[in-house]
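The values are calculated or read from the model by the stated rules, or taken from the named source; none is laboratory data. The structure presented is a predicted model; accordingly, all values stated were derived computationally and were not measured. Note: ideal-geometry Cβ built from the backbone for every residue, glycine included; neighbour counts use all protein chains shown.
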Amino acid sequence: MINLEWYRSFIAVYRFGTMSRAAEVLYLTQPAISQHVAALEKTLGTTLFERSPRKMLPTEAGKLLYNQVAAAMETLESIPTRNVGGDNRQVIRLGTPQEFFSEIILSKLPQNNVTFYTIRFGLAEELIDRLQQGEIDMAIATQKLMRTDIEYQLLFEENFWLVAPPGINMSIFPEIWVSPLGGENARVTNSKDLTQLAQWLKTQPLIAYSEDLPIIRRFWRVVFGSRIDSNPNIIIPDLRLIRDAIALGLGFSVLPDYLCAEWVKNGRLTLVLKPEQLVTNQIWLAFRKSERHTEKIKFLLNIFRDTADLKLIK
């Protein structure tokens, strides 16, 4: 007869990749974890992991078993948190970037007496790690990081614009023209020659999300065909605060359209460049494959699928 603790140890090793990390999470000793996995393998008559000095790699049999038991074990482990008297409450644990959650997701969450939310903020790699470790139910990720046990669905596509403080006169650049369809602040490029603009930007203070300028470097490469050689004057790890800083006249930056379109329309920012060759990034919903058909994941997918301004693939 199989002990349920064997399955718990197996799932932890599968998610964390090592006996030592699994032992930490389950508050057991490493020999105990090893014994549980060995006993499970002996009972099932198959090898569940390929042992290596650094990591336990699941075999095909291990992957199949994980998909069969992971969701069931999580359901069992959640029972103590429920009210035995028939309370149908569910707790949704969502990992997400702060800015996207604040601007797009927060207002879309259903509010009722049976659904409760725990929100974790972080970057894509951290959120996917938390997802793999069972600390959250779903992640909104700005990158699709390949993990064998994680499934992705496209949620949203953001386009990046170059924006500056209000009141900047863009008519000094002949290669930028005012779009008659987008209003007085909507500008696109109609020429590949942006040399004058690039030179002018070198003289302006730059605001960035981090020292390595991930978004800005990509924008420069796609739009200007070169590497940016400016250092940021201010580094702020929050895109909303970068937007505020630009509006206060502290410099220019590159922001996703969902954060700056309304501010450009209202004159709180100046749209320097909305390029013809769009600089786009995809935002993904990520969840564990083993939970694809669980009620919690179906609930979350329905939230985003029914949101008209999000682009979830059905």
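Can you tell me which residue is modelled with the highest pLDDT among those in region 302-314 that are of a type outside the set (Val, Ile, Thr) and touching a strand residue (DSSP E or B) at 6+ places or on another chain (Cβ under 7 Å)?
Phe304
What is the residue count in region 98-131 for residues that are buried (at least 20 other Cβ atoms within 10 Å of the Cβ) and either among the charged types (D, E, K, R) or in a loop (DSSP other than H, G, I, E, B) (or both)?
Within region 98-131, residues that are buried (at least 20 other Cβ atoms within 10 Å of the Cβ) and either among the charged types (D, E, K, R) or in a loop (DSSP other than H, G, I, E, B) (or both) number 1.
Looking only at region 132-181, count how many residues are assigned to a loop (DSSP other than H, G, I, E, B) and either modelled with pLDDT under 90 or within 19 Å of Pro97 (Cα to Cα) (or both).
Counting residues in region 132-181 that are assigned to a loop (DSSP other than H, G, I, E, B) and either modelled with pLDDT under 90 or within 19 Å of Pro97 (Cα to Cα) (or both) gives 22.
Which residue is farthest from Gly122 (Cα to Cα), if the candidates are limited to region 225-264 and must be acidic (Asp, Glu) and in contact (Cβ under 8 Å) with a residue 12 or more places away in the chain?
Asp229
Kindly indicate the residue of region 258-288 that is surrounded by fewer than 18 Cβ atoms within 10 Å (Cβ to Cβ) and of a type in the set (D, E, K, R) and also nearest to Glu74 (Cα to Cα) among those meeting that condition.
Glu262
What helices (runs of 4 or more DSSP H), lying completely within region 1-81, carry at least 2 residues that are within 18 Å of Asp129 (Cα to Cα) and not assigned by TED's automatic domain parsing to the domain that holds Arg288?
4-16, 19-26, 60-78
Of the conditions (1) touching a helix residue (DSSP H, G or I) at 6+ places or on another chain (Cβ under 9 Å); (2) in contact (Cβ under 8 Å) with a residue 24 or more places away in the chain, Lys55 satisfies every one except a single condition; which number is it?
(1)
Among the residues of region 271-290, write down those that are closer than 24 Å to Gln132 by Cβ and at pLDDT 85 or above.
Selection gives Asn281, Gln282, Ile283, Trp284, Leu285, Ala286, Phe287, Arg288, Lys289.
Yes or no: Ile215 out of contact with any Cys (no Cβ under 9 Å at 6 or more places or on another chain), surrounded by fewer than 18 Cβ atoms within 10 Å (Cβ to Cβ) and in the same structural domain as Thr270 (by TED's automatic domain parsing)?
The answer is no for Ile215.
How many residues are crowded, with 20+ Cβ neighbours inside 10 Å and within 22 Å of Thr96 (Cβ to Cβ) if we restrict to region 218-250?
Result for region 218-250: 3.
What are the pairs, 6+ residues apart or on separate chains, where a residue within region 139-165 that is assigned by TED's automatic domain parsing to the domain that holds Leu127 and under 24 Å from Asn302 (Cβ atoms) has its Cβ under 9 Å from a residue that is assigned to a strand (DSSP E or B) and acidic (Asp, Glu)?
Close Cβ pairs (under 9 Å, with a partner that is assigned to a strand (DSSP E or B) and acidic (Asp, Glu)) amount to Thr142/Glu158.
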